[in-house]
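Since the structure comes first, as structure tokens, the remarks are kept for the end.
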Amino acid sequence: MSVRAPYRFLTLLLAIVSVTLVIFAFINFQQRRIYVLPTDGVSWVTTPQGLKAWSMAANSPGKQAGIIAGDILKSIDGRSVKTTVDASREIFESGIWSRATYDLVRGGESFETSVVLAPEKNSRGLHGYLEIVGIIYLIIGAFVFLRRWSAAKSLHFYLFCLVSFVLYCFSYTGKLNLFDSSVYWLNVTALLLQPALFLHFCLTFPEAPRFIERRRYVLPALYAPAAFLLAFHVLVMAGFVNLPLPMLSIRWLLDSAEMAYLAVFSVAGVLLLFRSYRRASSPLAKQQLKWVTRGAAVAVMPFAILYAVPYFLGMGFIPAEWLKLSVFFLVLLPLTFGYAIVRYRLMDVDMIFRRGIAYALATAAIVGFYFGLVFLFADFFRNSALITTQGGWLLAIVVTALLFQPVVTRIQVRLDRFFNRERYDYRRTLLDFARDLGSEVHVDSLLDQAVERLAETLGVDRVAAFLKSETGELHLAKSRGLTFAGDLDLGFLDSPEIEKGKGYLFFESVKHPPVLLPSRRLTIERLGLHYYLPLRVKGNTLGFLALGKTEEDDFLSSEDVDLLQTVSGYIAIAVESARLYESLERKALENQALKDFSENIIESIDAGIVAWNPEQCIESWNSSMERLYGIPNAEAEGKQLTDIFPPDLISQLPRHSEPYRSLNLYKFRLRNAAGRSLIVNLSTVPLLGKDDHVIGRLLIMNDLTERVELEDQLVQAEKLSSIGMLAAGVAHEVNTPLAVITSQLQMMMRQLPCDDPHSPVLDRVVKQGFRASEIINNLLKFSRVSGSERVDLELNKIIKETLILVAPMLRTAKISVQTELDPDLPAIQGSSGKLQQVFMNLIMNARDAMPHGGELMVATSAVDSTVMVEIADNGVGISPENLRKIFDPFFTTKATNRGTGLGLAVSYGIIREHSGKIYVDSSVGRGASFRLEFPASRKPVNAL
């Protein structure tokens with residue numbers, strides 16, 4: 001895991017400061033061991049009258065010389081003293097065990113006394129004990145920071161330990177040179193900064209209260225008293241603030257205020273730790289806080305009660321024995337913190353050992369590199385002041401900052417390989433595997449691989465992956481080692497500890513988890529998983545990766561958890577990518593299904609549909625258009641309109657300059673690719689996109705050819721109906737007088753002799769009368785619907801009988817007959833006599849159409865429930881203008897004495913009477929073909 005540059009620089013800077021403070025402490029310790037100040041055992045205060053003896057230690061040199069409280073000191077060894085600084089300088093210059101002459105005033109009388117200056121008594125045992133406490137603080141702080149340097153509280157805790165180290169290990173000697181003054185002010189700063197850092201830590205450990213988030217000024221405000229006291233201390237010591245008190249009183253006043261501040265903040269921190277302990281819900285957190293809280297209370301409370309409070313109230317009263325007793329407990333604070341850290345797995349000792357070796361080796365390598373350069377370029381450095389100047393040191397620091405982290409990283413890798421090569425390879429393989437997961441495009445397969453690899457690499461007995469559905473509910477997506485598969489209440493994963501704490505959930509005991517709801521406690525116990533790491537991408541939690549203990553029933557190390565957090569990030573990205581791919585795949589399938597559905601709709605429409613783009617290139621051509629126009633889809637699509645449709649249609653379509661124009665053409669006559677004449681309705685409308693922009697045009701073509709024919713037949717039927725009514729009237733009005741005329745003529749012929757010359761004339765008149773009667777009877781047949789009984793008929797039999805009747809006439813006319821009769825032709829219901837009349841009329845018309853002989857073809861067939869009869873000739877054919885009139889009554893193209901024009905009209909009526917249809921196809925010079933269609937007779941179904 002890479003380290004950010006600013007944080008790396010901060011760590012390096014903190015390391016440099018820490019090393020500097022350790023060096024200062026060591027030098028200060030050496031000076032305090034070697035250098036001892038002389039003292040007279042008298043506490044002097046500056047007054048307007050001079051230096052006044054304020055108090056004296058028992059058995060001190062001053063006490064033995066007869067000095068009492070209230071004496072005024074004028075000079076030491078003849079040198080005038082007016083302030084405490086003058087007195088300290090004179091005593092220092094006199095030296096230890098020297099005899100100094102004091103010039104004193106008591107009650108207005110001057111006198112002299114000799115004082116043998118003794119060494120200042122230092123509490124070496126107490127100072128040594130405090131130094132040990134400070135060193136323990138530094139070791140534990142560095143220990144935690146090196147292990148958990150990325151954790152939110154590690155830097156804070158280390159600063160607290162470093163400041164405590166300065167507080168307990170720094171003590172000025174009294175020489176008051178630059179180094180001694182630095183030690184003094186560092187000690188004062190540490191004294192004021194430690195309580196604020198402690199209270200800050202206690203207020204936000206293990207997590208900050210909610211009111212801190214709402215009131216961000218609270219934490220900075222904790223450092224305000226320290227800043228005020230430090231500033232006041234500096235101003236007083238520098239002489240910028242003059243109080244109407246002796247300097248010694250001012251010093252004790254400052255010390256009392258600082259002690260009170262130390263006691264109040266320390267006690268407040270302990271109370272906050274107790275508050276956090278009472279509110280902690282996790283057993284692990286309770287155990288940690290139990291030791292931290294008790295250790296802090298035992299360390300802080302005796303010091304506050306036995307030393308700080310009496311010191312503050314007594315204004316200089318120092319209970320020495322109590323001080324030693326209270327200081328003894330201070331060591332408990334770092335020890336309990338350290339015990340809680342080690343006992344409850346806040347760090348791993350073996351890893352700290354390896355990291356410590358890595359840092360030590362990196363430091364040695366850089367130092368060796370630095371001195372190697374000095375050795376190699378000794379002449380250059382001897383003649384140059386670069387190595388000793390400020391710029392030289394700055395350059396060294398920059399080079400160290402650039403080289404330190406890469407060197408540490410490389411050494412750490414080598415140490416990992418050395419200490420546990422197999423585990424290092426497993427971890428490296430796991431990280432490589434996690435990075436390669438992005439190539440997997442299916443979530444289920446991805447989780448399978450991830451769960452198996454984690455279980456094998458980390459040696460855990462249980463691994464599970466929980467994912468959120470589209471509704472936001474968590475469900476078990478994949479697992480290994482789990483035996484429970486019932487209902488799960490995973491609400492405990494919505495925990496603020498994940499967001500505000502260490503970034504994952506940890507349950508030390510799955511049998512007694514810190515969860516309130518029984519259903520959630522039962523879920524945690526049944527799953528048996530201790531670690532829950534969120535799968536998070538860009539702040540969005542996709543699910544959780546959960547693991548149990550190792551196969552040796554141990555918890556995972558913190559290094560393992562760090563690795564898992566890195567791997568979970570890769571898995572989350574891979575899951576997000578796989579979900580995106582699956583979503584795109586689903587959308588592609590949905591779009592394809594929608595496209596297929598739309599195409600099926602277009603294909604199912606019984607109308608020709610053509611779509612083309614603005615360049616008039618055809619993009620869609622449905623199957624109805626294929627059947628109608630006679631061009632397959634593959635040939636039509638991709639071609640220009642002008643390559644498919646005739647010019648007369650192209651000229652009717654909207655131009656390119658009229659993109660929004662619609663067009664409707666009614667009963668447009670069009671010839672398709674096969675040459676067949678069609679009558680169609682055409683509609684064309686613009687195709688609009690989402691922004692109402694024209695993206696093409698749509699043409700809808702409805703075939704009206706059959707419909708127009710049916711309409712023509714309907715008109716023909718209406719004509720026949722009118723003629724029938726007329727025929728009925730004519731038959732009624734003409735038939736009676738015609739019968740009278742014919743009968744009278746016959747009577748006259750019988751009365752005439754046989755050789756009467758008028759007989760032939762009367763005979764012709766009678767024949768014409770009979771002919772007229774026949775015409776009238778045909779009109780009656782045309783106008784009346786026969787009530788003859790319907791029976792099942794075999795059309796093949798009727799056709800054969802009809803051909804036998806007309807065979808002599810066809811032979812005479814030199815017409816050959818070809819028959820193709822379906823032997824399995826279904827029966828139809830009808831009248832055999834009337835159908836024979838229809839066939840007779842059609843055959844006779846075919847004979848008349850072939851005056852020079854020809855060929856007549858009669859065929860029968862059946863398609864589904866339709867029986868068809870086709871009678872075709874190769875005669876002169878029918879012209880287009882006459883084709884529409886052939887079924888009209890009295891329409892004929894024959895000579896006057898050859899036909900009446902009622903044959904096809906009567907036949908049409910008989911066919912309609914039999915629920916049939918008749919079609920004709922003819923052209924001049926190619927003959928004519930009549931196709932008759934009748935419904936097949938339905939067979940009765942016998943009831944069981």
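Nothing in this text is a laboratory measurement; each read-out follows from the coordinates by a stated rule. Only a predicted model underlies this, so the values are computations on that prediction, with no experimental measurement involved. Note that we place each Cβ from the backbone using ideal geometry, even for glycine, and neighbour counts take in every protein chain shown.
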Of the cross-linked pairs K797/K894; K667/K885; K468/K690; K767/K800, which ones have a Cα-Cα span greater than 27 Å in the structure shown? K797/K894; K468/K690; K767/K800
Full extension between Q64 and L580 adds, at 0.36 nm per residue less the Cα distance, a length in nm of 176.5 nm
Rounded D (µm²/s) - segment 440-580, Kirkwood Rh over Cα pairs, Stokes-Einstein at 25 °C, 0.890 mPa s: 162
Evaluate 2.2 N^0.38 Å with N set to the residue count of segment 575-643, then give the Cα radius of gyration divided by it. 1.51
How big, in percent, is the set of alpha carbon pairs in segment 788-935 lying more than 23 Å apart? 32
Round to the nearest 0.05 the FRET efficiency obtained for V791 and V920 when R0 = 35 Å and r is the Cβ-Cβ distance. 0.80
At 7 Å along the Cα-to-beta-carbon direction for both H442 and I601, put a label point, then send me their distance in nm to one decimal. 3.3
Less than 14 Å apart at the alpha-carbon level, and either on another chain or at least 8 residues along: which aspartates and glutamates does that give for K82? D71, E90, D103
As an exercise, use a Förster radius of 35 Å and the Cβ-Cβ distance of V817 and K639 to find the FRET efficiency, rounded to the nearest 0.05. 0.15
Once label points are set 7 Å from the Cα along Cα→Cβ at both V765 and A224, what is their separation, rounded to one decimal in nm? 14.8
Please give the residues of segment 54-90, grouped as numeric ranges, whose backbone N is less than 15 Å from a label point set 7 Å along the Cα-to-Cβ vector of T113. 54-77
In segment 605-701, if every C-alpha pair distance is counted and binned at 5 Å from zero, what percent goes to each bin? 3, 13, 25, 28, 19, 9, 3, 1, 0
Under 12 Å from a label point 7 Å along Cα→Cβ of Q616: give me every residue in segment 649-672 with its amide N that close. 649-658
Grab every C-alpha pair in segment 1-92, bin the distances at 10 angstrom width from 0 up to the longest one, and report whole percents. 14, 28, 17, 15, 12, 9, 4, 0
What is the dipole size for segment 440-580, taken about its Cα centre, with +1 at each Lys and Arg Cβ and -1 at each Asp and Glu Cβ, in debye to the nearest 20? 400
Please give the length that would be gained between E801 and D554 if that part of the chain were fully extended, namely 0.36 nm times their separation in residues minus their C-alpha to C-alpha distance (nm, one decimal). 78.3 nm
What's the magnitude of the charge dipole for segment 788-935 around its Cα centre, counting Lys and Arg as +1 and Asp and Glu as -1 at the beta-carbon? Answer in Debye, nearest 20. 620
Suppose every K and R has +1 on its Cβ and every D and E has -1 on its Cβ; what is the size of the dipole of segment 605-701 about the Cα centre, in Debye to the nearest 20? 420
Could you give the nm distance between label points at L14 and D494, where each point is 7 Å from its Cα heading toward the beta carbon? 3.6
